[in-house]
Amino acid sequence: MEKKAESKVGMDLTQGSVFRVLFVFAVPIILTSLVQQVYSMVDLIVIGRYMGSEGTVGVSVGGEMADLVAPAANAFASAGQIYIAQLCGFGGRGKKELSEVIGTLLSMLLILALLFMGVTIFGRDALLRLLNCPEEALRSAGNYMLITALGFPFIFGYNGLCSILRGLGESQKPLLFICVASVINVAADIVFVFGFRMGTAGTALATIMSQAVSFLMALGYLYRHRHDEFSFDFRVKYFMIKPRLAVQLLKLSLPTLLKTCLVHTSMIWVNSNINAYSLTASATNSIGNKIQRFVELFVQGTDVASGTIIGQNLGAGRHDRARDTVLYTLRFSLTIATIATFAFLVFPRQLFWLFTTDPAVVELGVLYLHITILTVYLSAVTSSFQSMVTGSGFVLLNFALGILDGVVSRIGFNLLFLYIFDQGVVSFFLGTAFSRSLTAAVVIVYFFSGRWRSRKLVISETR
């Protein structure tokens with residue numbers, strides 16, 4: 001018994017202080033996202049210092065498909081994570097399904113990765129034209145997009161493996177994997193860009209190398225512990241897609257995937273319009289997006305942790321713990337938003353000088369960050385309350401929120417500021433900032449309505 005306890009993967013999220021469980025489980029997830037974002041920002045810093053605005057825009061525009069693929073991979077991975085979390089909360093009665101869920105999830109992710117890779121490789125010229133990529137950055141963006149597409153299977157595989165671990169209550173090991181990968185990424189960036197002078201192609205190679213390392217480490221860990229919580233030997237027969245589980249995973253993931261695609265498509269529309277103004281506007285938006293994502297990863301990391309904790313507690317019938325998890329998540333997220341606001345008001349120029357030496361980009365960046373203050377607060381509120389939607393597996397509401405956020409609000413507010421207030425490129429900064437306001441209102445109403453208490457669980461639908 002003692003030996004088994006020592007080798008057990010993950011932690012029981014249905015016991016102990018809610019605050020402590022959220023803190024212990026969320027911090028490694030946040031740090032994992034932080035490290036990923038840091039080495040992504042290092043890519044931009046290195047190439048920006050080496051090639052100027054041309055390189056900055058090349059990495060940013062060329063990385064649009066990778067930016068779409070990562071959330072798409074996460075949509076399927078999150079479906080598996082919530083399913084596994086609810087199975088764990090269900091106790092021993094759910095453990096026999098874990099092996100089948102894991103095999104079905106990983107096979108589906110591989111198929112999706114290959115589809116995205118093919119579309120990107122053969123359609124990159126059309127995609128760059130659609131994005132209004134500035135002529136000066138066209139070659140750099142094309143090289144970056146082509147090479148990063150080869151790493152899509154690693155992105156999907158890593159997300160899938162980490163979702164399995166997190167569903168089991170294990171959030172610390174993914175942090176270790178990504179830390180090792182980030183060191184490799186930074187070192188390879190310096191060697192390929194400054195040493196071999198490969199430009200954006202060198203940055204892309206460094207990225208897929210780090211993705212491959214993190215994937216292989218996660219795979220190795222799960223293989224070594226395959227008999228601790230489930231029986232999965234990683235032989236071909238274990239990767240057979242089980243139709244009933246595939247249907248359930250599709251029901252969970254497709255609305256989220258469609259939501260992600262809609263949100264990202266609207267973002268591409270916004271970025272495309274911004275790119276059409278000037279290289280300065282494009283570079284400002286590229287850098288500003290990186291800074292904003294850096295802040296939001298704290299909020300989103302907590303949301304991922306919160307959704308998993310809620311999933312296990314709802315599976316165990318512990319509704320009060322699920323409710324308290326949301327409220328603690330909100331407090332943490334608002335604290336992060338306040339810290340970010342301080343930085344955006346006091347150090348806006350210094351933040352932009354990290355990425356560029358172009359004075360025009362820095363000055364426009366100050367305005368960008370001041371507007372982004374609204375974005376981070378709305379994101380904090382929305383993500384916190386939406387974790388209940390995620391943890392309960394309410395995919396249709398999640399999909400509706402995606403349409404509201406990604407299409408109605410984002411495009412609607414951008415057009416409002418552009419044509420009614422006529423603010424030029426700043427209209428797109430303002431429109432994006434206001435885009436989450438309606439979504440925030442909906443998730444707040446859903447949480448306080450208490451309807452999540454009587455929702456049918458995902459694991460119940462396959463029985």
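None of the figures in this text is laboratory data; all of them are computed from the coordinates on show. Quantities reported herein were computed from a predicted structural model and do not represent experimental measurements. In this analysis, Cβ positions are derived from the backbone assuming ideal geometry, glycine residues included, and neighbour counts consider all displayed protein chains.
Backbone phi angles across the range 256-269, fed through the Karplus curve with coefficients 6.51, -1.76 and 1.60 (θ = phi - 60°), yield HN-Hα couplings of 5, 5, 4, 4, 4, 5, 5, 4, 5, 4, 5, 5, 4, 4 Hz in residue order; Gly and Pro are listed as x. What is the Cα centroid distance between the range 313-351 and the range 367-397, reported in whole angstrom? If you average the Cα positions of each part, the centres end up 10 Å apart. Which whole number in µm²/s is D for the range 158-287 by Stokes-Einstein, with the Kirkwood Rh taken over Cα pairs at 20 °C and 1.002 mPa s? Once the numbers are plugged in, D ends up at 117 µm²/s. The slack between His319 and Leu146, meaning 0.36 nm per residue of separation minus the straight C-alpha distance, is 57.6 nm.
222 nm [θ] for the chain, helices only, -39500 (n - 2.57) per DSSP H run of 4+, per residue, to 500? Walk me through the numbers before you get to the answer.
Details: 20 runs with 363 residues, N = 463.
Value at 222 nm, helices only, nearest 500: -26500 deg cm²/dmol.
Counting neighbouring beta carbons within 10 Å and listing from fewest to most, the residues Leu257, Leu110, Leu430, Leu105 come out as Leu110, Leu430, Leu257, Leu105. Please give, to one decimal in nm, the separation of the simple spin-label points placed at Leu216 and Phe239, each 7 Å out from Cα toward the Cβ. According to this spin-label approximation, the distance is 1.7 nm.
Where does the charge balance sit around Arg349 when Lys and Arg score +1, Asp and Glu -1, over other residues with C-beta under 14 Å from its C-beta? Spelling it out: positives minus negatives among the neighbours equals -2.
Can you tell me the relative contact order of the range 263-349? Whole percent, Cα pairs under 8 Å, sequence separation 6 or more. All intermediate terms of the calculation are to be shown ahead of the outcome.
Details: 31 pairs, mean separation 20.0, N = 87.
In percent, rounded to a whole number, it is 23.
Subtracting the Cα-Cα distance of Gln172 and Thr357 from 0.36 nm times their residue separation leaves 62.9 nm of extension gain.
Roughly speaking, what is the stretch gain from Cys261 to Ile339, that is 0.36 nm per residue apart minus the C-alpha to C-alpha distance, in nm to one decimal?
On the way: separation 78, 0.36 × 78 = 28.08 nm, distance 3.03 nm.
Net length gain for the segment: 25.1 nm.
Quick one: net charge around Phe23, please, counting Lys, Arg +1 and Asp, Glu -1 for every other residue with C-beta under 15 Å from its C-beta.
Values: positive: Arg20, Arg321, Arg331; negative: Asp303, Asp324.
Computed value for this residue: +1.
Report, to two decimal places, the Cα Rg of the range 312-377 normalised by 2.2 N^0.38 Å (N = number of residues).
1.68
Each semi-axis of the equivalent ellipsoid for the chain is √(5λ) with λ an eigenvalue of the Cα gyration tensor; in descending order they amount to 35, 26, 20 Å.
Among residues other than Val119 whose Cβ falls under 13 Å from its Cβ, what is the net charge (Lys/Arg +1, Asp/Glu -1)?
-1
Assuming charge only on the beta carbon of Lys and Arg (+1) and of Asp and Glu (-1), the dipole of the chain about its Cα centre is about 1580 debye to the nearest 20. Per residue, the average separation of C-alpha pairs within less than 8 Å and at least 6 apart gives the range 153-251 a relative contact order of 31 percent.
Each Cα pair under 8 Å and six or more residues apart adds its separation to the average, and for the chain the resulting relative contact order is 23 percent.
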